[in-house]
Amino acid sequence: MVFSAITFKAGKPHEFLHNDRTHKTSHSIFTQDNNEYSISGEEALAVFNEDVKYYENLWVELKKKKMPSNTNRLMSVVVNLNETHTLKDVNKVADFLGKYLGVKIYQTALHRDEGYIDKNGEGHINHHAHILMSGIRYKNGIIESISNKIKKKELHYIQEKTAEILNMPRSYIKSKKRLDTDEYKVFAQKHSELISLNKKFKEENYILNKEIKFYLKETLNKDEEIKQLKEYNEELKGRIKFLKQRIADLEERYNRLYKRAVRLVKKMLEKIRLLRNKKKLKEKNRISK
């Protein structure tokens, strides 16, 4: 699935000629016959150069100083597309940007000649569009560069609106820049590898889930056995506790009986001793008579 994404950067005049392929590019590996552009690079560049002179003079007139050399006079916009989009769709995005940002659109171009060929010899086209627009706007007597005026909130709205215009799912992956052609090729190849790995993972995961379910069932049976053993163990603990108490009671009773027996034995021995002494005394008296 291709997600909607739009990125902004400072533009360079040579991009006009890059967009209509007047300037050749090594990134063009498929037929250029399917490319589209709104106006030739030469025509768009001429209009841009005229505007730059106008805005520079207006800048001096209104601000009483020259336009700084580092001011972005041209803005370059790149838009992700899918294979169904046409230049008409790109122009809708460009019209929205022109009105929302208050700038002039110079050129739109749709490229279908960039991408990469995978290891199986299959071609993958990187469908995208370029929009070149003025980096200067003049409104209500104020002239200014827009490069520092596009804040986070505006970017968020532009992303949402672009996705709506192109009828594409919105990408929420944060990136500081759009991938260039070489980076896109590496990314797409890695993405293809990840899809293969993901398929393999799903197959292995399916088998693993089957095994998990089997072992889970076995575990549940073991859990029931363990539960029964725990209950039996608790019952045994109860019995042991009862027997320990019974033994303690018997020991206490034994100790009482033992002490009583000792006292009785002592009394009997004392009686025997007294009887023996009494008998000895009688014998002694009898002999003395």
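Bear in mind these aren't lab numbers, they're just calculated from the coordinates by the rules spelled out. A quick note: this is a predicted structure, and the numbers were derived from the prediction, not measured. Heads up, the Cβs are rebuilt from the backbone with ideal geometry, glycines too, and the neighbour counts pull from every protein chain shown.
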* Within the set of other residues whose C-beta is less than 12 Å from the C-beta of Glu56, count the net charge using Lys and Arg as +1 and Asp and Glu as -1. => +2
* To do: Provide the net charge surrounding Gln32, with neighbours chosen by a C-beta distance below 14 Å and charges set as Lys +1, Arg +1, Asp -1, Glu -1.
  => -2
* What residue among Leu155, Leu257, Leu110 has the largest mean-square fluctuation in a Gaussian network model of the chain, using Cα springs under 10 Å? -> Leu257
* To do: Could you sort out which of Lys119/Lys151; Lys12/Lys92; Lys63/Lys99; Lys63/Lys88 sit more than 32 Å apart by Cα distance in this structure?
  => Lys119/Lys151; Lys63/Lys88
* Asked: Which aspartates and glutamates have a Cα lying under 18 Å from the Cα of Lys280, excluding residues fewer than 8 positions away in the same chain?
  -> Glu270
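When a footprinting reagent is the concern and you count Cβ atoms within 10 Å, what order do Ser28, Ser69 take, fewest first? Provide the component values of the computation, followed by the final result.
On the way: Ser28 16, Ser69 6.
Listing Ser28, Ser69 from fewest to most nearby Cβ atoms yields Ser69, Ser28.
I want the local charge near Ile136. Using Cβ-Cβ distances under 14 Å, sum +1 for each Lys or Arg and -1 for each Asp or Glu among the other residues. Show your work: numbers first, answer last.
Values: positive: Lys53, Lys63, Lys66, Arg73, Lys104, Arg137, Lys139, Lys149; negative: Glu50, Asp51, Glu56, Glu61, Glu144.
Once positives and negatives cancel, what remains is +3.
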* To do: Give, rounded to the nearest 20 debye, the magnitude of the charge dipole that the chain has about its Cα centre when Lys and Arg contribute +1 at Cβ and Asp and Glu contribute -1 at Cβ.
  => 6700
* Which is farthest toward the positive dipole end of the chain among Leu58, Leu155, Gly98, measuring Cα position about the Cα centre, with Cβ charges +1 (Lys, Arg) and -1 (Asp, Glu)? -> Leu155
* Just one of [x] 365; [y] 131; [z] 192 is volume of the Cα convex hull per residue in Å³ as worked out from the coordinates here. Which one is it? -> [x]
* To do: Show the residues, 5+ positions off or on another chain, whose built amide H is closer than 5 Å to the amide H of Lys104.
  => Ser134
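Report the convex hull volume per residue for the stretch 6-178, counting only C-alpha atoms, in Å³. Let's see the in-between values first.
Numbers: hull volume 22.4 nm³, N = 173.
Residue-normalised Cα hull volume stands at 130 Å³.
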